Amino acid sequence: MRHVLVTFCVLVLAGVGAAVAGESHDAASEPRIVEMWSCTLKDGKTPDEVRATNSRWLKAVNEKLEGSPVASYVLENIVGAPNSFGYLDVYPSLEVWAAAKRAGQSDVFEAIDAEFDELSDCSSNSLHRSHQS
């Protein structure tokens, strides 16, 4: 059941990401690449800190990849483990995802990654191709 809920959230948020980016219906129906991270908040850290760091990461990614908007979401549990959360990153294509990974090897992103490491432990991630229904 949890897998079905996660898959549903991926599809919904991928569509939301396209809509937020202001794309036309035709462009929004193109497949998106969605990366999901499953994480646990470290003791003494807050969801606000996670969102602030994620916002810095998203701004840096979108500045580095001009014209290829990436969307990112922090998924907080409503029911279930209170310290568990996730990241959901939506890319317009596999090429943009790969470019973001390459860009992530710079000093700017290494500092942001260090912040992520101080805030949370991310036990797994997965990469999906989403299709709007």
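Each reported figure results from applying straightforward, stated rules to the coordinates on display, with no laboratory input. Everything numeric in this text was worked out from a predicted model, so none of it was measured. Methodologically, a virtual Cβ is constructed for each residue, glycine included, from the backbone with ideal geometry; neighbour enumeration extends over all protein chains shown.
From least to most packed, judged by other beta carbons within 10 angstrom and beginning with the fewest, VAL34, VAL50 follow the order VAL50, VAL34.
Rounded to the nearest 0.05, the FRET efficiency derived from the C-beta distance between VAL108 and THR46 at R0 = 25 Å is 0.60.
Can you sort THR46, THR53 by how many other beta carbons sit within 10 Å, fewest first?
THR46, THR53
This ranking places TRP37, TRP57 by how few other beta-carbon atoms lie within 10 Å of each, fewest first, which gives TRP37, TRP57.
Of all lysines in the structure, the ones whose alpha carbon falls short of 17 Å from that of LYS64, not counting any fewer than 8 places away in one chain, are LYS101. Distances between placed amide hydrogens fall under 5 Å for SER120 paired with LYS42, all partners being 5 or more residues away or on another chain. On the basis of the beta-carbon distance and an R0 of 25 Å, SER123 and ILE78 show a calculated FRET efficiency of 0.80.
Please identify the GluC sites (Glu not before Pro) of the stretch 34-133 that satisfy two criteria: DSSP loop assignment and at most 14 other Cβ atoms within 10 Å. Which are they?
Those that pass, being in a loop and sparsely packed, are GLU66.
Ratio of Rg to Rh for the stretch 32-128: 0.96 [Cα atoms; Kirkwood radius as inverse mean 1/r over pairs].
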